[in-house]
Structure formats: C-alpha cells, structure tokens
Amino acid sequence: MAKEVKFEEKMQELESIISDLENGEIDLDESIAKYTRAMTLVKECDDKLKNVEEQISKMVTENDEIKDFEIEKDA
C-alpha cells in the first residue's frame with residue numbers, strides 16, 4: 001500500500017512546480033508534464049479541503065445530536 005502524501009507536502013510540491021513554470025527555463029515537454037502534475041495536485045488538495053470542511057461542519061450539540069455548523073462568510 002502506497003504511503004499517502006500529506007496535504008502540506010502536496011502544497012509544497014505545487015509551489016515548486018509553479019516556480020519552475022514561472023521561471024521559464026524548462027523545455028516544453030517538461031513544462032507540460034509539470035503542468036499536468038500541478039493540475040493533479042490542485043484537484044487532490046481541493047478534494048482534501050472539501051473533505052475537511054465537511055468534517056468540521058458537523059458538531060455535536062450538548063444533547064449529543066449532530067448539528068450542521070454554519071461558517072459565517074463576510075458579506
């Protein structure tokens with residue numbers, strides 16, 4: 001079974017890829033490969049954040065009922 005890469009490690013890799021792409025010193029084929037990897041990382045990180053948000057949106061009330069927790073958004 002493969003070890004799951006931590007969210008923070010994925011973000012660090014994504015930042016490195018972005019830096020490489022912005023630098024412009026890599027060839028087209030490598031740029032395409034890095035871009036493809038970056039899009040995979042973005043999706044994985046987004047999925048993780050959505051999952052975490054869902055987990056923390058549930059809170060146990062005083063009488064042990066599960067209640068949705070609304071996060072206030074700036075208007």
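Tabulated data
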| quantity | calculated |
| --- | --- |
| Residue count for segment 39-60, restricted to those that are part of a strand (DSSP E or B) and of a type in the set (A, V, I, L, M, F, W, C) | 2 |
| Cross-chain or 6+ apart pairs with Cβ under 9 Å, segment 38-55 first and farther than 10 Å from F7 by Cβ, then exposed (fewer than 11 other Cβ atoms within 10 Å of the Cβ) and not polar (S, T, N, Q) | E53/I71 |
| Subset of segment 6-38 [surrounded by 12 or more Cβ atoms within 10 Å (Cβ to Cβ) and either aliphatic (A, V, I, L, M) or in a loop (DSSP other than H, G, I, E, B) (or both)] | M11, L14, I17, I18, L21, I26, A33, A38 |
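Bear in mind these aren't lab numbers, they're just calculated from the coordinates by the rules spelled out. Predicted model, so just to flag it, every value in this text is computed and none were measured. Counting neighbours? That spans all protein chains shown, and the Cβs are built from the backbone with ideal geometry, glycine included.
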